[in-house]
C-alpha cells in the first residue's frame with residue numbers, strides 16, 4: 001500500500017477508532033474467536049494470583065473481573081473450581097478475599113450482579129460413569145494415565161469428584177474453567193505436564209490458538225514471565241513456531257507493518273525509557289483535537305501528567321499499563337480504549353516484556369496544554385509485579 005492509498009487507509013482506521021469509542025465504549029462485546037472477551041481475560045489474573053497466594057493483587061484482579069462482567073456467583077465458582085488445582089488453602093484464602101471485597105463494595109453502595117447458582121445435578125448411572133463421559137467431552141479420550149493405574153483410587157477421585165462433582169456445575173462454562181486452570185497451573189510452576197494437558201483441553205473445548213496464546217501473553221506481560229514462558233513453550237510445541245526474540249507471539253507483531261509511523265525518539269525528559277512520537281494532526285483553526293501515535297519500548301512509560309481538557313487513548317499494539325492517581329495499575333491491550341478525565345493525574349506505558357503503541361487524542365477546549373508532573377518511579381511501576 002503506497003501514497004494516497006496509505007493515507008486513505010489510515011484515515012479510515014482513525015475514523016473507525018473514533019466511531020467505536022463513541023458507540024461502544026464500556027461494552028464487553030465478544031470480539032471473535034481469535035480474541036478473548038474482557039470477561040474471559042479477567043479470569044487470568046484471578047486464577048494466577050489465587051495460585052500464587054497473593055491476596056493484595058488478587059483483590060485488584062477480582063475488582064477488575066467484576067467490572068468486566070463477572071457475576072458474584074461466577075467469581076465464586078472460579079475460586080471453588082481452583083481448589084482442585086491449587087489446593088484448599090489457596091482457594092479458601094481467595095474466597096475470603098472475595099468476601100471482604102464484596103463487603104467493602106456493598107458499604108460503598110456498589111451492587112454487583114449475583115448471577116445464577118449451578119443447577120442441581122443427578123447421576124443416574126453413577127458418578128464414575130458421568131465423570132468418564134465428561135472426561136471424554138473435555139479431552140476426547142478416556143485414556144487412564146500411569147499414575148491412575150499405579151494408584152487406582154486417584155482415578156476414581158478424578159472422575160467422581162473433579163469431572164462429575166465440579167465440572168457438572170453449570171454456572172461456569174468449560175472455556176472459562178479451562179482459562180482459569182491454565183492460568184493457575186502456569187503460575188504454580190512445576191506442573192508442565194498438567195499444563196500441557198489443559199492447554200490441549202482448552203483447544204478441545206473451542207479455545208483457538210490466538211486465544212490460548214493470549215492467555216500465555218497476558219501471563220508473561222502482566223503476571224509472571226516464567227508462567228508465560230512455560231505456557232508459550234508448550235503452545236509452540238502444539239502449534240509450531242510463534243516466538244520472536246524470546247517473547248510469546250501474542251506480545252509481538254512479527255513481520256507486520258505498524259499502523260502508523262514510529263516517528264521521532266522523545267528526548268525531552270517527560271518519559272522514562274525509549275519512546276517515539278509521530279504527530280498525525282495538530283490543533284489549528286480547523287482542528288480542535290491533536291492526534292499522535294506514541295510507541296513505548298518495554299518498560300518505558302510517561303511521567304505522571306494531567307490534561308486540562310482530558311485525553312483519549314486507543315491502544316493499537318502490544319501490552320501496557322495505565323494508572324490514575326490513587327487507583328491500581330490497569331493492564332491495557334491492543335483494542336482497548338481509555339478515557340483520561342480532565343485534570344486527573346495519570347501515566348501510561350509499556351509492560352515489562354512487551355512494547356505498546358497507542359493513538360493519543362488530545363482535545364483543546366482553551367484550558368491549556370498538558371501539565372507534566374513527577375517521573376513514575378521504579379517502585380511505582382513495579383507494583384504491577
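List of remarks:
- Total residues in segment 138-163, condition closer than 26 Å to residue 215 by Cα and modelled with pLDDT of 90 or more: 2
- Test: residue in segment 149-162 that is buried (at least 18 other Cβ atoms within 10 Å of the Cβ), in contact with a helix residue (DSSP H, G or I) (Cβ under 6 Å, 6 or more places away or on another chain) and not in a helix (DSSP H, G or I): no
- Restricting the first member to segment 77-94 and to residues that are free of Cβ contacts under 8 Å to residues at least 12 places away in the same chain, and the second to residues that are assigned to a helix (DSSP H, G or I) and surrounded by 20 or more Cβ atoms within 10 Å (Cβ to Cβ), the beta-carbon pairs closer than 7 Å and six or more apart or on different chains are 83/91.
- In this structure, residue 117 does not satisfy being farther than 25 Å from residue 202 by Cβ and out of contact with any helix residue (DSSP H, G or I) (no Cβ under 7 Å at 6 or more places or on another chain).
- Only one of 334, 265, 339 that is free of Cβ contacts under 8 Å to residues at least 40 places away in the same chain, closer than 30 Å to residue 56 by Cα and in contact with a strand residue (DSSP E or B) (Cβ under 7 Å, 6 or more places away or on another chain): 334
- When the test is whether a residue is within 24 Å of residue 265 (Cβ to Cβ) and surrounded by fewer than 23 Cβ atoms within 10 Å (Cβ to Cβ), residue 318 does not pass it.
- You will find that of 222, 230, 183, the residue that is in contact with a strand residue (DSSP E or B) (Cβ under 6 Å, 6 or more places away or on another chain) and either touching a residue at least 24 places away in the same chain (Cβ under 8 Å) or not in a loop (DSSP other than H, G, I, E, B) (or both) is 222 and no other.
The values are calculated or read from the model by the stated rules, or taken from the named source; none is laboratory data. Every value quoted in this text rests on a predicted model; they were computed, and no experiment measured them. Note that each Cβ is placed from the backbone with ideal geometry, even for glycine, and that neighbours are counted across all protein chains shown.
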